[in-house]
Amino acid sequence: MTLHFLDENQEKIQWFKKHENDFIKMRQFFHENPELSKKEFATTDKINKLLESWGIKTDRSFLETGVVGLIKKGTSSKRIGLRADIDALPIDENTDLTYKSKKAGIMHACGHDGHLAMLLFAAKYLQEEADFDGEILLIFQPNEEDSAGARDLIEAGLFKKYPVDAVYAAHNFPGADVGTLLICDGPQMAGTVSIEIDIHGVGCHAAHPYKGVDPIVTAAQVIVALQSIPTRNMAATDSVIITIGTIHGGTAHNVIPETVKLTGTLRYFDPKIRELTKKRIHEITEGICTAFGARADVRLQDGYIATVNHTKETEIALKAAQTLFKAEAISTEKAPSMGAEDFGFMLADQKGSYFYIGNGPDSSTNKLHNAGFDFDDRNLLYGGVYWSVLAQYYLDNAQD
Ligand SMILES: [Zn+2]
Ligand SMILES: [Zn+2]
């Protein structure tokens, strides 16, 4: 299984192979015992215990869940942050795995069990075996899925207490072969804005619509017109998505209701495009409602910001990968995703980069947030070795 590795690094790879089964078991333990965002208490305890058992100093002072570990060697004050998310999702697992989730309605359907195990694997190596000069901050971050634990950690002072020169994060990626790295500069994941629109009309008998104002007909116009924003207000190269995901209104077939409620999401990369899109959502919705005699309440709330990689730090990640993997295992070609990721807050606060590790070809179940999803345990070796290589390469090579 040295398919992807260069022949160098054998000593290091052998160490990881020797411990691989322990970390597969550990990953499967986390898979069996998933916890929702902000409720990762047992997960945090377990990570903390493991880090301490290897002699790594830990700090849990920032949030109720999550933990950071610190590995310092030598005298350099250079510090690199490595971040893994640790939370699971409110999904009922639908697999036959021997280590299937023990908790009904909660599962690791995004592979964060694998992310945290890969980082633990690297942590043990870096602490017990590796030689480097500087400090490695291991960030086991809670609440990625629900409400931006990354932002909470920053606001709680993570980088004030432990300033970093750069911070990195990884996500598994269904759609690329196991063990391949996708390391790309620039935008990786989109920013989000939640959309809530209430359209107020005047209720009346369905047979006498001229006596009221029909919010359903008005809502239909609004929904269609909003789709003109990406194609008629933006350049074709400006990525933006507007999706209305829910529409609720009406109680009976013969009643024109008072109100229709719409909710949806806006996805973007460039904050200027976000602001222009928000302005156009207001103008189109309020303009159409006025024209139809209805009234609109439009509420647009900024969510996650876009995850945008920094050029120099991405280059370092790429060069580190090239010391470990054969060229065919590394891609710089992945297209940005309109999905969202709270690591964007860390990259807005610090320099760094976000990369992907292939989780095998896309299939009906190999999809993030699918009830049949599972992290591929072969990535513990690939990802674990790479994390350790990246940390050492960064501390050895990055210039101030
Ligand atoms: Zn997810
Ligand atoms: Zn995820």
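Quick notes on this structure:
- Any chance Q227 is within 30 Å of E258 (Cβ to Cβ), surrounded by fewer than 17 Cβ atoms within 10 Å (Cβ to Cβ) and modelled with pLDDT of 95 or more: yes
- Test set (1) at pLDDT 95 or above; (2) within 16 Å of ligand 2 (Cβ to nearest atom) - D146 fails condition number: (1)
- Scanning the range 255-277 for residues that are touching a strand residue (DSSP E or B) at 6+ places or on another chain (Cβ under 7 Å) and in a loop (DSSP other than H, G, I, E, B) yields P257, E258, F269.
- Those residues of the range 174-229 which are of a type outside the set (V, I, T) and without any contact (Cβ under 8 Å) to a residue 40 or more places away in the chain, in sequence order: H208, Y210, K211, A220, Q227
- Of the strands (runs of 3 or more DSSP E) lying entirely inside the range 44-132, those containing at least 1 residues that are under 20 Å from the mean Cα position of the chain (by Cα) and more than 15 Å from ligand 2 (Cβ to nearest atom) are 67-73, 79-85.
- Residues satisfying the stated conditions in the range 199-237, i.e. within 15 Å of G250 (Cα to Cα) and not in a helix (DSSP H, G or I): I199, H200, G201, V202, G203, C204, H205, A206, A207, G212, V213, D214
- Among (1) closer than 21 Å to A306 by Cα; (2) out of contact with any strand residue (DSSP E or B) (no Cβ under 9 Å at 6 or more places or on another chain); (3) not in a helix (DSSP H, G or I), the one test that A252 misses: (1)
- Residue within the range 193-201 that is of a type in the set (V, I, T), farther than 30 Å from R274 by Cα and touching a strand residue (DSSP E or B) at 6+ places or on another chain (Cβ under 9 Å) present: no
- Against the test of being touching a residue at least 24 places away in the same chain (Cβ under 8 Å) and under 30 Å from I223 (Cβ atoms), the options D376, D342 yield a single qualifying residue, D342.
- Subset of the range 11-34 (residues that are in contact with a strand residue (DSSP E or B) (Cβ under 8 Å, 6 or more places away or on another chain) and over 18 Å from L97 (Cα atoms)): I13
- Applying the set (1) touching a helix residue (DSSP H, G or I) at 6+ places or on another chain (Cβ under 9 Å); (2) modelled with pLDDT under 95 to T237 leaves exactly one unmet item: (1).
- Filtered residues of the range 349-364 (kept if more than 15 Å from ligand 1 (Cβ to nearest atom) and of a type in the set (S, T, N, Q)): Q350, S353, S363, S364
- Residue match in the range 383-398 (condition: at pLDDT 95 or above, within 16 Å of ligand 2 (Cβ to nearest atom) and either of a type in the set (D, E) or buried (at least 17 other Cβ atoms within 10 Å of the Cβ) (or both)): yes
- Of the residues making up the range 154-185, those that are part of a strand (DSSP E or B) and either within 16 Å of ligand 1 (Cβ to nearest atom) or not assigned by TED's automatic domain parsing to the domain that holds H112 (or both) are A169, A170, H171, N172, F173.
The values are calculated or read from the model by the stated rules, or taken from the named source; none is laboratory data. This is a predicted model, so every value here is computed, not measured. Here Cβ is always computed from backbone atoms with ideal geometry, including for glycine, and neighbour counts include all displayed protein chains.
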